[in-house]
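Written out below as structure tokens is the structure these notes cover.
Where a number appears in this text, it was derived from the coordinates with a stated rule and is not lab data. These figures come from a predicted structure and were not determined experimentally. FYI the Cβ positions are ideal-geometry reconstructions off the backbone, even for glycines, and counts take in every protein chain you see.
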């Protein structure tokens, strides 16, 4: 009996130790090559925010890396390390649109907008508003080289302005294991493959950071009833994991100034987070 008690004690100690290690981890699924959001070096702004929140909880960040492509949530947040264990590859994903339908989303932790980036010194320095592009003389319109994406409001805007023929096509999810879209756009600005791009705020911030100060101008793409250019971003947890959502909401509320400081340091244009009516889960 004493032997059995000893074995039981050892097993319980191991279980408690394993549980303690599990609860001490702030488990995040993220793309290993997705600046300015996340990188394996953990120098993206979402890496910094995850580190901040984990520190507040007295936990250590643990990443499960997976390229952010179609099927990302299915292959990360929803996958148990061992079937039936209740222990998942990660417990949260950052940078999802508020209300994203594949997860429960937290309250927003930032609100940004699309901007039009224009390289200076290439014949378009007089542009002070995006709407001026469609009013340029025909020869200048034909000289435009604007990055055009397979998804997002920028392409719809170009179509409405009659400027699709001036678009240089890009895929948002390229499958390139050496460059994400922000890295590609930054390089193509430098080689003059493009002179302009309508970019989501964080992507624009990265491109600005990779070019000399003053070499580009950033113009706001204002939302209107016909087209929306500003969006709120949240963190995502599994459906049913309301306890973690409540915990993250509390962390976001308590640390929003520090979160804003981190994001702004990446030259991301921020807008006030709109107030939303409470939504039942």
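Quick notes on this structure:
- Identified option (computed Rg and Dmax of the Cα atoms in Å; candidates (1) 18.4, 61; (2) 22.5, 94; (3) 21.2, 84): (2)
- Cα centroid separation, region 162-221 to region 72-97 (Å): 31 Å
- Counted by neighbouring Cβ atoms within 10 Å, the residues 78, 276, 238 run from fewest to most as 276, 78, 238.
- Computed lengthening from residue 193 to residue 213, 0.36 nm per intervening residue step minus Cα-Cα distance: 5.2 nm
- As a proxy for reagent exposure, ranking 184, 106, 174 by other Cβ atoms within 10 Å from fewest up yields 174, 184, 106.
- Percent of alpha-carbon pairs separated by more than 16 Å within region 195-281: 67 percent
- Globularity index of region 112-220 is 0.99 (Cα radius of gyration / 2.2 N^0.38 Å, N = number of residues).
- Rel. contact order, % - alpha carbon contacts under 8 angstrom, at least six apart, the chain: 26 percent
- Helix 242-264 axis, angle to the chain major axis (alpha carbon atoms, nearest 10°): 40 degrees
- FRET efficiency estimate (nearest 0.05) - Cβ-Cβ, residue 249 to residue 87, R0 25 angstrom: 0.60
- Each DSSP beta bridge with both residues in region 112-220 is either parallel or antiparallel, and the antiparallel ones are about 60%.
- Between helix 181-190 and the chain: long-axis angle, C-alpha atoms, 0 to 90°, nearest 10: 30 degrees
- Debye log10 I(q)/I(0) at q = 0.20, 0.23 Å⁻¹ for region 25-126, Cα point scatterers: -1.10, -1.37
- Taking the number of Cβ atoms within 10 Å of each Cβ as an exposure proxy, the fewest-first ranking of 191, 203 is 191, 203.
- Mean projected area of the convex hull spanned by the Cα atoms of region 133-281, taken over all viewing directions: 11.8 nm².
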